[in-house]
Amino acid sequence: MIGRMITLEGLEGVGKSTNMEFVRRRLEAAGIDVDETREPGGTLLAEKIRDLVLDTADEPLPDLCELLLIFAARSAHLENRIRPSLDHGRWVLCDRFIDATYAYQGGGRGLPMEIIVRLEDWVQSGLKPDLTILLDTPIEIGLERIRERGGSDRFESQRLEFFQRAREVYLSRAEQEPERCVVVDASRPLAQVQDDLAKIIDLYLSNF
Ligand code: TMP
């Protein structure tokens, strides 16, 4: 049996880490063998590329180079971890994936969407998440949470408008693909957010 791929998406400070764990536990409680991973990253090589993408270095990282690095990391992640897991019937739960590329590199950086579409075709060869949960909050709430925890990688230090554009892309993709994407209002108290997550996962599982 082929496994399924579930992705969690959202801007910084929406509570992805806490909710990743919640979703993993919910799946495991249903007897599912879960491979929890993240992007950029997920393999030794892809984690090295992640450092290149996130660290502020002496030399500027051109936007196109950033995009190519993200797809390079994804290629390693797909071939060396995601596809083998799926082939073994494991479920892959991934903290960010292709929707983040459209949101951050397409929306935030303003790179042409056609380039991302072509790279997606080339690198993913049709592989898409089966279910994507988008944790959504107004930008200000997420940025405030980042400020509180003192984050300042290359993305966390972006301006408000960058995240506004990224959020718009996330929401419009979710609207265009309602059969794959579910949007959760993550500005509410955690218990309510997790109540929704539990319902989404249970509904998804009930369709098997
Ligand atoms: P995070 O895993 O701590 O959220 O950090 C990953 C960062 O990488 C986050 O700021 C978003 C960014 N990113 C992209 O810009 N494009 C992508 O395709 C992915 C997967 C992540």
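The values are calculated or read from the model by the stated rules, or taken from the named source; none is laboratory data. As the structure is a prediction and not an experimental result, all values here were calculated from the model. Here the Cβ is made from the backbone with ideal geometry for all residues, glycine too, and neighbour counts use every protein chain on show. The protein model used for the area step is the full one, side chains on, heavy atoms only, and it has no ligands, DNA or RNA in it. Shrake-Rupley method; radii C 1.70, N 1.55, O 1.52, S 1.80 Å.
Here the condition is being farther than 28 Å from residue 32 by Cβ, in contact with an Asp or Glu (Cβ under 8 Å, 6 or more places away or on another chain), in contact (Cβ under 8 Å) with a residue 24 or more places away in the chain and aliphatic (A, V, I, L, M); of 111, 119, it holds for 111 alone.
Considering each residue of segment 49-60 in turn, at least one proves to be out of contact with any helix residue (DSSP H, G or I) (no Cβ under 9 Å at 6 or more places or on another chain), within 13 Å of the ligand (Cβ to nearest atom) and closer than 22 Å to residue 113 by Cα. Number of residues in segment 24-40 that are away from the ligand (no atom under 12 Å from the Cβ) and under 14 Å from the mean Cα position of the chain (by Cα): the value is 1. Residues in segment 65-91 that are over 18 Å from residue 126 (Cβ atoms) and open to solvent by 80 Å² or more (accessible area, probe 1.4 Å) were compared, and the one that is farthest from the ligand (Cβ to nearest atom) is 88.
Among the residues of segment 129-167, the ones that are in a helix (DSSP H, G or I) and either open to solvent by less than 40 Å² (accessible area, probe 1.4 Å) or among the aromatic types (Phe, Trp, Tyr) (or both) come to 7 in all. Please tell me if residue 94 is more than 8 Å from the ligand (Cβ to nearest atom) and open to solvent by less than 10 Å² (accessible area, probe 1.4 Å). When the stated conditions are applied, residue 94 passes them.
Here segment 1-44 is the region considered, the condition is being open to solvent by 30 Å² or more (accessible area, probe 1.4 Å) and assigned to a strand (DSSP E or B), and the residue that is nearest to residue 156 (Cα to Cα) is 38.
Taking segment 112-122 as the range and being more than 11 Å from the ligand (Cβ to nearest atom) and in a helix (DSSP H, G or I) as the test, the residues that pass are 113, 114, 115, 117, 118, 121, 122. When segment 172-185 is filtered for residues that are open to solvent by 60 Å² or more (accessible area, probe 1.4 Å) and in contact (Cβ under 8 Å) with a residue 24 or more places away in the chain, the ones remaining, listed by number, are 183, 185.
Checking the stated criteria, residue 43 turns out not to satisfy the condition of being under 18 Å from the mean Cα position of the chain (by Cα), within 10 Å of the ligand (Cβ to nearest atom), of a type in the set (S, T, N, Q) and modelled with pLDDT of 95 or more. Residues in segment 99-111: is at least one away from the ligand (no atom under 11 Å from the Cβ) and either surrounded by fewer than 20 Cβ atoms within 10 Å (Cβ to Cβ) or assigned to a loop (DSSP other than H, G, I, E, B) (or both)? Among the residues of segment 99-111, at least one is away from the ligand (no atom under 11 Å from the Cβ) and either surrounded by fewer than 20 Cβ atoms within 10 Å (Cβ to Cβ) or assigned to a loop (DSSP other than H, G, I, E, B) (or both), which makes the answer yes.
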